[in-house]
Amino acid sequence: MKQLQKLFRTLALAGLFLPTQLFAAAGDLYVTSIDETTPANGEVIAISPNGAKRRFVGPVPDPYGIVFDRTRQLLVASDPSNNIYKYAPNATRTTFASGLSGPIGMAFDSAGNLYVASIRSNSIIKFAPDGTRSTLATGINRPLGIGVDADGNVYTGGLTSGLITKVTPDGTKTVFATDVARAYSIIFDRQGNMLVAERDAGVVSKFTPQGAKSTFLSGFSSPFGLVFDSNGNLFISEHDGAQIRKVTPEGVRSVFAAQLRSPAFMAIEPAEGSPVNISSRMHVGTNENVLIGGFIVTGTQPKRVIVRALGPSVPLSGTLADPILELHDSSGLIASNDNWRTDQQAEIIATGIPPGNDLDSAIVATLPANGSAYTAIVRGVNSGTGIGLVEVYDLDSAVDAKLGNISTRGLVQAGDNVLIGGFIVSENGARVVVRAIGPSLLDHGVGNALLDPTVTLFNANGDIVATCNNWREAQESAITQTGLAPGNDLEAALVVTLANGAYTAVVSGQNGGTGVGLVEIYSVL
């Protein structure tokens, strides 16, 4: 059991089986407001999609960078206090980090690492998902804005240097661009181009991934903050113009909010309960021992998802070197992918969660709902084997459709090669049934079935929520009442009511047994 807990914590800290912030849904826009006369009187303003303004928090000493983390907590960099504050949705404040040296811009990468531009220490500070602090790079002249591309490279603009510096994940620095007029905000569009707010020039510049520069938008009064919403609308805060402009993908401009006090950095609040992912991890074999993940889409509207098959980027030894991904519905194959950059690179980058290795696979698809069932199959190129992970992420939580009833089938072995199903409970909690099926698979023509499966449910901290070997032992009546009782007494099942959060079901064999098993998660009333 301790081995399973250690394995889960390793994956959780790596950002697997946890929510990941995507392109934000159409929530409120938050903007830091700086008081140039009395810096201690800064504040954060929340603006609804229709432009209605309200004060979220204040006073905050000179608030600059602003970003939402994976749990919808708002992080605000306070320059003179040398702190980063964290605000819950109800505006309760805690201190995320202290003892910094002038934190300005902030940005997350797809793995959940936070990068902070420290203007007085001329450095970029990194916070890992578990809060561990380190220095990514030093010797950067007064860094301001900061952005991270799909490959995890960090970019920052200097206050007086006129440079944009690129820093690779290993800390290697190069000059990406010169003659930039104070880059306070750096973001990336769906095609991977960099957009930079050049405050002194009054323009938003565009840089291709190769560094070619052009003027994307002009005519602004001290452009400061930049942010995209989920529909591709770009918002630009005008620090001296006291307003925020909105530019549609077609180039139509409008004033989104006016009469603001020195608006600076911006962030859009993710919708409550989203994003959601479901994921499964196991040793991928050949033939009937490939990784098979099933899910349904409930509701009435089509659901846009990204399905990822990971091998090389899974932080374990013995991983699948080159996974292939197939997505099926009841009629057959919908789409397939070998290496994610080969087919839908721009769309995948735009989700904000491209795989971490070019040999990983991914598919972006819009799937019909109404209880439709889908299956994701992961196998290795040239019959390769190893530990693989399949994930399904909800890219549009606003529509009337949800991911549900997760199931994964594969070969359950010992050690790290157990079968793992991850899921997230959102929207006021849920009552779920978790099942581990083995012997019943023999009746469906599956050879080498896991004869005595056990299931253990973990929360996001790696703590055990519940465990079961044979389903009749503890909750027989409750399980029977759900109508989801397993077909064999040696199979395992749990009925649990869960609060919002990330959970993982781990299926292993009793006494080290191995064989083909199935893990299922059902939402029940």
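The region of the chain that goes longest without hitting one of the GluC sites (Glu not before Pro) in a DSSP loop, each with at most 16 other Cβ atoms within 10 Å, is 37-249.
Placing unit charges on the Cβ atoms only, positive for Lys and Arg and negative for Asp and Glu, gives region 239-386 a dipole magnitude near 460 debye about its Cα centre. Rounded, prolate or oblate: pick one for region 29-268, where a ≥ b ≥ c are the square roots of the eigenvalues of its C-alpha gyration tensor, a/c under 1.5 means rounded, and failing that, prolate if a/b is larger than b/c, else oblate. Because its axes are fairly even, with a/c under 1.5, region 29-268 counts as rounded. Assuming a ≥ b ≥ c are the square roots of the Cα gyration tensor eigenvalues, decide whether region 281-438 counts as rounded (a/c under 1.5), prolate (otherwise, with a/b larger than b/c) or oblate. Oblate, because a/c is 1.5 or more while a/b does not exceed b/c.
Counting only residues at least eight positions apart within a chain, or on another chain, the lysines with an alpha carbon under 20 Å from that of Lys303 are Lys402. Full extension of the chain segment joining Leu442 with Asn469 gains 7.9 nm, where the gain is 0.36 nm per residue of separation less the Cα-Cα distance. Here Cα extents along the principal axes in Å was calculated from the structure, and among (1) 75, 71, 53; (2) 148, 47, 31; (3) 74, 45, 43 it sits at label (3). Each residue, Arg261 and Ala88, gets one label point 7 Å from its Cα in the Cβ direction; the gap between the two is 2.7 nm.
Calculated mean residue ellipticity at 222 nm for the chain: -1500 deg cm²/dmol, from DSSP H runs with n ≥ 4 weighted as -39500 (n - 2.57), summed, divided by the residue count and rounded to 500. Using a Förster radius of 25 Å, what is the FRET efficiency between Asp151 and Leu316 based on their Cβ-Cβ separation? Nearest 0.05, please. So the FRET efficiency works out to roughly 0.70. Count Lys and Arg as plus one, Asp and Glu as minus one, and take only other residues whose Cβ is under 11 Å from that of Ile104; the net charge is then 0.
Each value in this text was obtained by applying a stated rule to the coordinates, not by laboratory testing. Quick caveat: nothing in here was measured; it's all calculated off a predicted structure. Note that we place each Cβ from the backbone using ideal geometry, even for glycine, and neighbour counts take in every protein chain shown.
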